[in-house]
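The values are calculated or read from the model by the stated rules, or taken from the named source; none is laboratory data. These numbers were taken from a predicted model, which means no experiment stands behind them. Positions of Cβ are generated from backbone atoms using ideal geometry, with glycine treated the same way; all protein chains shown enter the neighbour counts. For the accessible areas, the whole protein counts, side chains as well, though only heavy atoms, and no ligand, DNA or RNA atoms are used. Shrake-Rupley method; radii C 1.70, N 1.55, O 1.52, S 1.80 Å.
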Amino acid sequence: MLNPLYTIVAILVVALSTGCAQHYPEVEPDFEQNWQSQTYQSQAYLIPTAGEAFARRVSLVRSAQQHIDITYFSWDKDTSGLLLLEELRLAADRGVKVRLTLDDLLLFNEKWLAGLNQHPNIAIKVFNPFHSRKLGWIGRAVDFASHQRQRDNRLHEKYFNIDGQWLILGGRNIGDAYFGFSQKANFFDMDTLFKGDIIRPFARNYDTLWHSEHLQDISSLIAHDHQQPLEEFEQAIKKHTNKAVIAHIDEQVEQLSTIDFIDVKATPVFDSLAKLNDNKPYFRTRAEHTIDQYLNKAKSALISTPYMVPSQGEFTVVDKLVANQAQVTLLTNSSASNDSGFIPAYYEQHRITLLNKGVDIFEYKANASNDDHFYHADTYYHNKTLILDSQLSYIGSSNFDPRSDFLNIEFGVFVDSKQFAQQVEHYLLRQQTVYWHVSLDEQGKPQWQSADEIHHDNPDYGKWHEIPNWLFRKMHGEFEL
């Protein structure tokens with residue numbers, strides 16, 4: 001019998017290596033040149049803590065009167081995931097129409113979720129579903145290897161719309177790890193609450209997705225007991241919820257204060273479902289067109305991404321900023337803190353490249369502890385933003401990495417407001433102790449510093465961490481997405 005570790009490694013190698021081997025299309029120079037952006041007067045509120053990010057969602061669902069539309073890449077069967085679903089069920093009981101869209105990569109034979117679809121006011125659809133549902137990751141790996149061209153495209157948007165009046169956008173999925181409630185590992189992430197005219201284009205984008213051929217009703221994929229459709233869900237709540245976390249959430253909801261909105265100019269950017277046919281970078285290209293005038297004159301740029309990987313070997317935006325003599329600061333995961341086992345294999349090759357370009361790098365520590373998390377466990381960096389001249393900020397789902405560019409369906413919004421941009425900067429940088437400041441030493445090699453602590457070897461990145469790098473060298477020779 002295979003050692004479970006070898007089985008997991010084999011599955012990852014089959015699924016992920018074939019995915020990385022895919023060749024991305026050539027993009028013509030005038031691609032999406034005719035796409036036009038539109039700016040809306042709106043209000044924005046940067047949610048200041050992980051706990052409040054979840055409490056706001058609960059409070060908004062409880063206030064809903066007509067409809068709720070939601071999209072997420074993943075929805076975990078844990079305290080926050082189950083509790084929010086229960087709140088959605090209660091809203092549906094009082095007549096609110098709930099539409100929930102989920103990507104299928106992490107959705108297996110989830111009868112506890114499919115049963116909710118039997119509620120007359122709840123509709124759940126799945127994006128780009130896999131054929132295999134009961135064989136776990138082994139089934140997914142086989143399906144992926146057989147249908148890579150189709151399965152590689154995933155729905156990465158995070159969208160939470162209440163009554164067309166309130167909209168939450170950001171990097172969080174739904175699960176304990178995204179709100180600081182996991183005892184094993186959490187994400188340092190960010191959400192923004194919007195109201196005003198900006199909600200209308202996002203609602204239209206959701207309707208387009210909802211009525212597309214790329215979604216399938218969950219009940220057609222997962223068999224469940226039609227006589228007792230909620231039994232699996234109710235059993236899951238009893239088994240997988242943490243009473244201490246629930247009590248904390250209740251307290252957070254009760255303590256929510258009046259929202260202090262900022263008036264902003266907001267410009268949305270959406271991907272195209274045509275990406276599922278041609279894998280072209282619709283969102284990335286549209287985003288760059290939208291902010292081209294800002295990029296050309298920016299004197300400072302803060303880039304925040306969990307996965308700093310070049311597109312087709314180039315850091316085009318970084319190069320453009322550096323050519324214009326802008327000071328570029330990068331916030332990203334350290335090699336040891338990254339939640340993706342293979343991303344460091346790419347980043348390790350390009351750290352010195354970025355430093356030689358003059359980029360000021362801050363890497364999130366493997367043992368970082370965020371003071372707003374309920375449980376102080378390991379933490380991964382998951383924030384996605386771009387701030388130009390402390391004036392223009394990006395909020396959305398895209399990591400601005402090759403997977404976001406060519407494979408995932410993404411969206412985001414550019415917020416023009418100095419006050420808002422300063423709040424985002426403060427949110428990211430207020431805990432300086434969670435980062436290593438990376439620079440070049442006198443020999444031109446990387447060094448990592450935090451206060452008086454200095455390392456000349458990659459901190460907390462041992463031989464076990466380098467195994468994925470070795471695997472990729474054997475399989476690909478060079479690292480290229």
Which condition breaks for N338 when tested against (1) within 30 Å of V245 (Cβ to Cβ); (2) out of contact with any helix residue (DSSP H, G or I) (no Cβ under 6 Å at 6 or more places or on another chain); (3) surrounded by 21 or more Cβ atoms within 10 Å (Cβ to Cβ)?
(2)
If you take the residues in segment 155-166 that are more than 16 Å from the chain's Cα centre (by Cα) and surrounded by fewer than 24 Cβ atoms within 10 Å (Cβ to Cβ), which one is nearest to T49 (Cα to Cα)?
W166
Find the residue count for segment 178-190, including only residues that are surrounded by 24 or more Cβ atoms within 10 Å (Cβ to Cβ) and more than 12 Å from the chain's Cα centre (by Cα).
5
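Scanning segment 278-331 for residues that are part of a helix (DSSP H, G or I) and among the hydrophobic types (A, V, I, L, M, F, W, C), which turns out farthest from the chain's Cα centre (by Cα)? So that I can check it myself, show each step before the final result.
Step one: filter segment 278-331 for residues part of a helix (DSSP H, G or I), giving 278, 282-290, 292-297, 316-323.
Next cut, among the hydrophobic types (A, V, I, L, M, F, W, C) only: 283, 287, 295, 317-318, 321-323.
Working: F283: 15, A287: 17, L295: 24, V317: 20, V318: 21, L321: 25, V322: 27, A323: 29 Å.
Of everything passing the filter in segment 278-331, A323 is farthest from the chain's Cα centre (by Cα).
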Would you say V438 is touching a helix residue (DSSP H, G or I) at 6+ places or on another chain (Cβ under 8 Å), buried (at least 19 other Cβ atoms within 10 Å of the Cβ), over 30 Å from R200 (Cα atoms) and at pLDDT 95 or above?
yes
Tell me whether segment 377-389 contains one or more residues that are over 21 Å from the mean Cα position of the chain (by Cα), touching a residue at least 40 places away in the same chain (Cβ under 8 Å) and open to solvent by 30 Å² or more (accessible area, probe 1.4 Å).
yes
Pairs, first farther than 19 Å from P229 by Cα and open to solvent by less than 20 Å² (accessible area, probe 1.4 Å) in segment 119-142, second hydroxyl-bearing (S, T, Y) and in a strand (DSSP E or B), C-beta under 7 Å, six or more apart:
F127/T101
When you look at S257, is it assigned to a loop (DSSP other than H, G, I, E, B) and open to solvent by less than 80 Å² (accessible area, probe 1.4 Å), yes or no?
yes
Consider S42 carefully, then state whether it is among the small types (G, A, S) and either at pLDDT 95 or above or not in a helix (DSSP H, G or I) (or both).
yes
Between A92, A123, A114, which is touching a Lys or Arg at 6+ places or on another chain (Cβ under 7 Å), of a type in the set (G, A, S) and within 24 Å of A223 (Cβ to Cβ)?
A123
If you take the residues of segment 207-222 that are open to solvent by 80 Å² or more (accessible area, probe 1.4 Å) and assigned to a loop (DSSP other than H, G, I, E, B), which of them is farthest from L135 (Cα to Cα)?
H211
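Suppose we filter S369, S393 for residues that are among the hydroxyl-bearing types (S, T, Y) and assigned to a strand (DSSP E or B); which single one remains?
After applying the criteria, what remains is S393.
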Checked against (1) surrounded by 17 or more Cβ atoms within 10 Å (Cβ to Cβ); (2) more than 30 Å from Y24 (Cβ to Cβ); (3) of a type outside the set (S, T, N, Q), D225 satisfies every condition except (1)
Does segment 188-201 contain any residue that is in a strand (DSSP E or B), over 20 Å from N399 (Cα atoms) and basic (K, R)?
yes
Quickly run through segment 275-309 and pick out the residues that are open to solvent by 20 Å² or more (accessible area, probe 1.4 Å) and of a type in the set (K, R).
K280, R284, R286, K297, K299
Would you tally the residues in segment 286-341 being touching a residue at least 40 places away in the same chain (Cβ under 8 Å) and at positive phi?
2
So Y461 fits all but one of (1) of a type outside the set (G, A, S); (2) assigned to a loop (DSSP other than H, G, I, E, B); (3) under 30 Å from D103 (Cα atoms); what number is the exception?
(3)
I'd like the full set of residues that are within 16 Å of F374 (Cβ to Cβ) and among the hydrophobic types (A, V, I, L, M, F, W, C), limited to segment 50-81.
A50, A53, F54, A55, V58
Looking at segment 120-173, which of the residues that are out of contact with any Asp or Glu (no Cβ under 7 Å at 6 or more places or on another chain), modelled with pLDDT of 95 or more and of a type in the set (S, T, N, Q) is nearest to W75 (Cα to Cα)?
N173
Quick check, is S272 surrounded by 15 or more Cβ atoms within 10 Å (Cβ to Cβ), among the hydroxyl-bearing types (S, T, Y) and in contact with a His (Cβ under 8 Å, 6 or more places away or on another chain)?
no
Checking T433 against (1) crowded, with 18+ Cβ neighbours inside 10 Å; (2) of a type in the set (V, I, T); (3) within 24 Å of the chain's Cα centre (by Cα): exactly one of these is not met. Which one?
(1)
From the list A244, A301, A274, which one is touching a strand residue (DSSP E or B) at 6+ places or on another chain (Cβ under 6 Å) and modelled with pLDDT of 95 or more?
A301
Only one of T305, T241 is of a type in the set (S, T, Y) and either touching a Cys at 6+ places or on another chain (Cβ under 9 Å) or under 30 Å from W112 (Cα atoms) (or both), namely T241
Does segment 53-75 contain any residue that is among the hydroxyl-bearing types (S, T, Y), open to solvent by 20 Å² or more (accessible area, probe 1.4 Å) and under 20 Å from the mean Cα position of the chain (by Cα)?
no
